[in-house]
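Notes to accompany the following structure.
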Amino acid sequence: DTAVSQTPKYLVTQMGNDKSIKCEQNLGHDTMYWYKQDSKKFLKIMFSYNNKELIINETVPNRFSPKSPDKAHLNLHINSLELGDSAVYFCASSQNSGGGGNAQYFGPGTRLTVL
Amino acid sequence: DAKTTQPPSMDCAEGRAANLPCNHSTISGNEYVYWYRQIHSQGPQYIIHGLKNNETNEMASLIITEDRKSSTLILPHATLRDTAVYYCIVRVVKAAGNKLTFGGGTRVLVKP
């Protein structure tokens with residue numbers, strides 16, 4: 001019973017293509033996130049949705065568009081992929097978007113390689 | 001959110017306690033201390049968090065100094081599976097958003 005799942009686990013694609021990564025959580029959480037971990041292993045938040053509403057949008061190119069069809073799913077669509085988009089993308093969820101004791105639970109990651 | 005400082009790496013012996021320090025001297029009164037870890041090729045894993053009091057759960061203990069300027073994560077009996085990068089994060093409760101800002105962390109190697 002995977003709490004936060006992502007598909008695909010690996011994604012290899014050519015520059016200029018459009019691709020999507022899917023995320024699902026079965027924890028009943030209201031808030032979901034996308035993080036990017038680059039080649040230097042630094043993890044940075046990209047987006048956060050609370051109950052299908054965008055609440056965090058860091059400085060991310062508008063080629064990246066998150067979509068939340070319901071609060072259990074947060075997908076990430078990337079247009080016109082560039083070499084610099086190669087990274088591991090992690091989805092996460094938390095019970096809600098506020099409160100001090102609000103742990104985030106991460107998925108296994110999607111390794112994106114742009115050739 | 002307050003910045004944290006952690007040693008870049010440390011080794012510990014299997015079966016012994018691992019004490020991981022974190023300095024957060026600019027922490028504010030409404031900021032929590034969180035610990036996460038990332039085992040190689042996996043997603044980050046929540047370990048524990050606290051505000052003022054020491055905390056313990058099935059994974060670890062968190063000791064926060066009285067002035068809250070530093071904390072220590074204790075893994076009571078380290079195993080080889082505890083080899084990972086450990087992140088200390090200080091986070092303020094915001095009205096909208098629950099952003100975690102990860103630093104470089106401490107790379108912990110548990111040796112047999």
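Any idea what the relative contact order of region B:1-64 is, in percent, if you count C-alpha pairs under 8 Å spaced at least 6 apart?
Numbers: 74 pairs, mean separation 14.2, N = 64.
Once normalised by length, the contact order is 22 percent.
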Give me the percent of accessible area attributable to carbon and sulfur for chain B, probe 1.4 angstrom. 50 percent
When only alpha-carbon atoms count, how far does the protein assembly as shown stretch along each of its three principal axes, as whole angstroms with the largest first? 50, 41, 33
Accessible area per residue, 1.4 Å probe, Å², for region B:1-96: what's the number? 51 Å²
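Show me you know the interface measure: the accessible area buried between A and B, both chains summed, probe 1.4 Å, in Å² to the nearest 100. Provide the component values of the computation, followed by the final result.
Values: alone 6480 and 6510 Å², together 11250 Å².
Interface area, both chains combined: 1700 Å², rounded to the nearest 100.
How about region B:1-53: which trypsin sites (Lys or Arg not before Pro) there lie in a loop by DSSP and see at most 14 other Cβ atoms within 10 Å? Could you put the intermediate results ahead of the total?
Numbers: sites: B:LYS3, B:ARG16, B:ARG37, B:LYS52; in loops: B:LYS3, B:ARG16, B:LYS52.
Answer in residue order: B:LYS3, B:ARG16, B:LYS52.
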Contact order relative to length for chain A, counting C-alpha pairs under 8 Å separated by 6 or more residues, stands in percent at 36 percent
Ratio of the Cα radius of gyration of chain A to 2.2 N^0.38 Å, where N counts its residues: 1.00
Can you give me the solvent accessible area of B:VAL110 with a 1.4 Å probe, rounded to the nearest 10 Å²? 10 Å²
List A:TYR105, B:TYR34, ordered by accessible area with a 1.4 Å probe, largest first: A:TYR105, B:TYR34
Just to confirm, what accessible area per residue do you get for region A:1-63 at 1.4 Å probe, in whole Å²? 60 Å²
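The values are calculated or read from the model by the stated rules, or taken from the named source; none is laboratory data. Predicted, not measured: the structure shown is a model, and the values here were computed from it. Glycine also receives a Cβ, built like all others from the backbone with ideal geometry; neighbour counts cover every protein chain displayed. Remember, those area values only see protein heavy atoms, side chains included, never the ligands or the DNA or RNA. Shrake-Rupley method; radii C 1.70, N 1.55, O 1.52, S 1.80 Å.
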